[in-house]
Amino acid sequence: MIGRFVIPLISLVVVLSSITCSAQLSATFYDATCPNASTIIRNSIRRAISAERRMAASLIRLHFHDCFVQGCDASILLDETSTIQSEKTAGPNDNSVRGYNVIEAAKRDIESACPGIVSCADVLTLAARDASAAVGGPSWSVRLGRRDSTTANRNVANTDLPSPFSDLQGLIDAFDKKGLNARDMVALSGAHTLGQSQCFLFRERIYSNGTDIDAGFASTRRRGCPQSGGNSNLAPLDLVTPNSFDNNYFRNLVQRKGLLQSDQVLFTGSTASIVSQYSGNPATFAADFSAAMIKMSEIEPTLGQNGIIRRVCSAIN
């Protein structure tokens, strides 16, 4: 509309300033500039998960690890440079987080259709939603308009991402710091209905002979995770249906069959009743998971004139 009228320079500055200040996420953000963005990304993600079903878990986790460090700004995708300390080499991410190549492939597809329009942060946010839907999980409406960061923060990645060895209060505090409550935390932990974990992250638990772990489950897991060596050996986080999104993760916790310490502690204290509810009502879990993913995806988004649109997700333009 501005192009049809002659507007005094001062008025134009006021208009642009207003647009910048009022910039916000919107479900229709790309409708005019890249109307097929969601479809292009969905198709790319579906291809990746068809090739490797485990990738669904990896993409949801990648989004989570991005949002917990300076907001959902695709900072986790940046490679190391002389001026950037990459989050990829932070303790919780190094040789663990996967899916970078899948996001880059989706970004290439988007760049072919709409160069310089769709941020890597939005690609990653949509990818997590589409990954859930691709393996039988819920879908949800994603508000778009995030910009990409020009920095990463390895230190925050090392301090703010929850540990698999956390106790319940530690988990509650870590999520509260990001504006997520205990119910959000339990729902988001339900993403562990998918994916696998490395032996060194659950070894202590399965050899503990503790009262919070089923003896038969511990014995089964020991076969693939020796007391020494085999650190990278994998075991499914959900023993029953590791490649399908359902509520079996919570049923496992009720049976003391959570793989990680940070899984099993959810069935204690103030969150035990939430686990029980989700274990008996998959629809409630799916609805709460969707709501929590939306809430998480809107942690401190970079908007308006802040940030950039990266052409390649791993590097600054």
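The values are calculated or read from the model by the stated rules, or taken from the named source; none is laboratory data. Everything quoted here is computed from the prediction, not taken from an experiment. FYI the Cβ positions are ideal-geometry reconstructions off the backbone, even for glycines, and counts take in every protein chain you see. Heads up: the accessible areas ignore ligands, DNA and RNA and are worked out on the full protein's heavy atoms, side chains in. Shrake-Rupley method; radii C 1.70, N 1.55, O 1.52, S 1.80 Å.
Annotation: amide H-H contacts under 5 Å for GLN196 (H modelled 1.01 Å from N, sequence separation of 5 or more, or interchain): LEU237. Dimensions of region 89-177 based on its C-alpha atoms, expressed as ranges along the principal axes with the largest first, amount to 46, 33, 25 Å. For region 193-317, treating each Cα as an identical point scatterer without solvent, what Debye log10 I(q)/I(0) comes out at q = 0.12, 0.13, 0.20, 0.21 1/Å? Normalising to I(0) and taking log10 leaves -0.59, -0.66, -1.07, -1.14.
Per residue, the convex hull spanned by the Cα atoms of the chain amounts to 139 cubic angstrom. Using the rule -39500 (n - 2.57) for each DSSP H run of four or more residues, divided by the residues of the chain, the 222 nm mean residue ellipticity is -13500 deg cm²/dmol. Protein heavy-atom surface of the chain, 1.4 angstrom probe: 52% of the accessible area is carbon and sulfur, with nucleic acids and ligands not counted.
For the options SER82, SER276, SER290, a Gaussian network treatment of the chain with springs between C-alpha atoms closer than 10 Å singles out SER82 as fluctuating the most.
Rounded, prolate or oblate: which fits region 51-116, taking a ≥ b ≥ c as square roots of the Cα gyration tensor eigenvalues, rounded meaning a/c under 1.5, else prolate when a/b beats b/c? The shape class here is oblate. Across region 276-293, coupling constants 3J(HN,Hα) worked out from phi with the 6.51/-1.76/1.60 Karplus curve, θ = phi - 60°, read 4, 5, 5, 5, x, 9, x, 5, 5, 4, 4, 5, 5, 4, 4, 5, 5, 5 Hz, and Gly and Pro carry x. The Kirkwood hydrodynamic radius of region 37-76, based on inverse pair distances between different Cα atoms, is 11.0 Å. Classify region 43-193: rounded, prolate or oblate, from the alpha-carbon gyration tensor (a ≥ b ≥ c, eigenvalue square roots; a/c under 1.5 rounded; otherwise prolate if a/b is larger than b/c)? Cα axes put region 43-193 in the oblate bin. Pairwise alpha-carbon distances in region 215-269 exceed 15 Å for 51% of all pairs. Each of the peptides 296-307, 154-165 was scored by the mean count of other Cβ atoms within 10 Å over its residues; in descending order, highest first, they stand as 296-307, 154-165.
Shape descriptor for region 194-242: Rg over Rh equals 0.94 (Cα atoms; Rh from the Kirkwood inverse mean 1/r). Using the 1.4 Å probe convention, the accessible area of region 156-297 works out to 42 Å² per residue with neighbouring protein chains retained.
Ordering of 97-106, 174-183, 30-39, 226-235 by packing is 97-106, 174-183, 30-39, 226-235, highest average first (other Cβ atoms within 10 Å, averaged per residue). Ordering of 213-219, 254-260, 133-139 by packing is 254-260, 133-139, 213-219, highest average first (other Cβ atoms within 10 Å, averaged per residue).
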